[in-house]
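What follows draws every value from the coordinates through simple rules; no lab data is involved. Remember, predicted model here, so these are calculated numbers, not experimental data. Quick reminder, even Gly has a Cβ in these numbers, built from the backbone with ideal geometry, and neighbours come from all protein chains shown.
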Amino acid sequence: MKLYLYLFVTLTTFLFSTSVFSQSEKITVTKEPVWITKNTIDYSKKLLDKDAADGYIDISLEKQVYLAEQSEYIRRSKKIISQAGVQNGSEISVSFDPSYEQLTFHSIRIIRNGETLDRLQLSKIKTLHQEKELSSFIYNGLLDAVLIMDDVRQGDIIEYSYTVKGFNPIFKNKFASEFHLDYAVPVYEIYYKLIVPQQRKIVTTHPFRIIIL
């Protein structure tokens, strides 16, 4: 299986103080947080389209983490290349644990022939309980926020962004995350950003796993 590494990566560390917050089980909608870096995406790239799997290709993957607010911002842009991609790439699914995490969507949109179509409607987002471990009589408490997008066409670009706020309290304010640089499918651009309080110690391990003590 081919491994693709065709990307732009930025990992930035800033120094800020900590803060506290509370969670809600409800999914909300707000503007993008002010602390993120807003990147310009080139939607016209086609070099890797021929190697796309399942009829669509990821144009951009972003992950930005702000430890002081215990927040992880995600933005994903993918292009529908074929009719298979209409079927395989039209679903948006985000997992979160409502006992300590708050999910907030910022945007869900389709870019079609240069026109932006807003598709963010909370009433169409379904919240489902995960059942992956029920056969072992284990209930993990995770929820999936799922949106099956309609009127998706070949050539469309689906782009969405959201923030998950809240870290698992069992880790007692420690943080660990993986920032992957290799994928088995082509990805045009990857952007990572990590904002860390000044007093925290940063440890990196292979394959690019970051632990904050």
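Descriptive notes on the structure:
- Whichever lysines have a C-alpha closer than 18 Å to that of residue 201, once near sequence neighbours (fewer than 8 apart) are set aside: 172, 174, 193
- Peptides 28-35, 78-85 ordered by packing proxy, namely the average of other Cβ atoms within 10 Å per residue, highest first: 78-85, 28-35.
- Region 28-169: mean projected area of Cα convex hull, nm²: 10.1 nm²
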